[in-house]
1. I need to check one value: relative contact order of the chain, counting alpha carbon pairs closer than 8 Å and at least 6 residues apart, in percent.
2. Beyond a 18 Å Cα-Cα separation, which of these cross-linked pairs lie in this structure: 210/234; 139/215; 15/75?
3. Cut-off 10 angstrom, C-alpha nodes, Gaussian network model of the chain. Which of 74, 242, 225 fluctuates the most?
4. With a 10 Å cut-off between alpha carbons and a GNM built on the chain, which of 137, 70, 46 moves the most?
5. List every residue whose amide H lies under 5 Å from the amide H of residue 111, counting only residues 5 or more places away in sequence or on a different chain, with H placed 1.01 Å from N in the peptide plane.
6. Can you grab the distance from the C-alpha centre of the stretch 210-267 to the C-alpha centre of the stretch 182-198, Å, no decimals?
7. Using only helices, what value at 222 nm comes out for the chain when you add -39,500 (n - 2.57) per DSSP H run of length 4 or more and divide by the total residues, to the nearest 500 deg cm²/dmol?
8. In whole Hz, what ³J(HN,Hα) sequence does the stretch 327-337 give by Karplus (6.51, -1.76, 1.60; θ = phi - 60°), x for Gly and Pro?
Amino acid sequence: MAATGSPELLIVMDKDSTAAQVEEVVARLAEAGAHARVSSGRDGTVIGAIGERELLAGLPLEGFPGVEQVLPILKPYKLVSRELVADPTVIEVRGRRVGGGFFGFVAGPCTVEYREQTLETARAVAASGASMLRGGVFKPRTSPYAFQGLGEEGLAILAEAREETGLPLVTELMDPRHVDAVVAVADVIQIGARNMQNFSLLSEVGSVGKPVLLKRGPSASIEELLMAAEYVVKEGNEQVILCERGIRTFERSTRYTLDIGAVPVLKQETHLPVIVDPSHAAGRRELVGPLARAAVAAGADGIIVEVHPRPEEALCDGPQQIPVGEFGAFADEIRALVALMGNEIG
Ligand code: PEP
Ligand code: MN
């Protein structure tokens, strides 16, 4: 059921509370027109009560058997907050995992340009141990005269690449009119930086049963990113991966400024997995390796990087794409660091 209203209370159940006691609280909340989100973690069961503040205040929740304490959720974001769900969310896509110690290694072309370009890249990244394939077919371009992507024709190429390599697909959705076409093929739906606050698009992907990769807007605060994720989760889709991809600052020597500090902050604030896109942050391929390694060391749950067979011929973002021939060495470094962090590629 989609949550309505704003979740206001955390009902912390006693360590020894029974399933029946949890059900009783949930039933009383339902009777009062509120929705309950139960999360059972290592530290016991917590129920987030989602409903009208006044209505919840009228329930004598503290007196219920098994209830240890009732607390307000203080953060503006509720469902995505660590207050509500203490354990990390692990997102599973076709047997590959992201979050909770599983490192998502997403690689592929910026843009699906033609069949061989995408298949060649897909084979190379699969052989070097990437866990998912990225590739845009609906491209957000600054110039209306630039290549806008292959659209549905590109989706068919991606599907073929998945068929051959087994890698799940990550691709961007820009327009609610393309939801059906994208959802039919994508395994993970990317919401790009420019659409991070496209609230109707966020609600739309909140109602589909596929994971969402939500990129931080170039001028969005961390709180705004979390509020955007809340829009998706509020509709019932709890499978959201957050992505730091660089923000706009006064600095011009990199395309954007990778906010590496956002990684530990987000990990503190939310149970959702947090990945980093060093490619768009860097804008130049020689910086992608160092930024990717910084992301792993900062505790990111994954990276998403651009790879192309011949970057000098790329229709989009050539300077930042790693040539296929250099991807193996890049992947070896990432794998070693992921292991050093005590994690594994998911
Ligand atoms: C992309 O990943 O293809 C992309 C366009 O990135 P961003 O939305 O972060 O600019
Ligand atoms: Mn790109």
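The numbers here are math on the coordinates, done by the rules we state, and not lab data. This structure is a prediction, so every number in the text was calculated from the model and none was measured.
1. 17 percent
2. From 210/234; 139/215; 15/75, over 18 Å: 15/75.
3. 74
4. 70
5. Under 5 Å from the amide H of residue 111: 136.
6. 13 Å
7. After summing the helix terms and dividing by the residues of the chain, the value is -10000 deg cm²/dmol.
8. 5, x, 5, 4, 5, 4, 5, 5, 4, 5, 5
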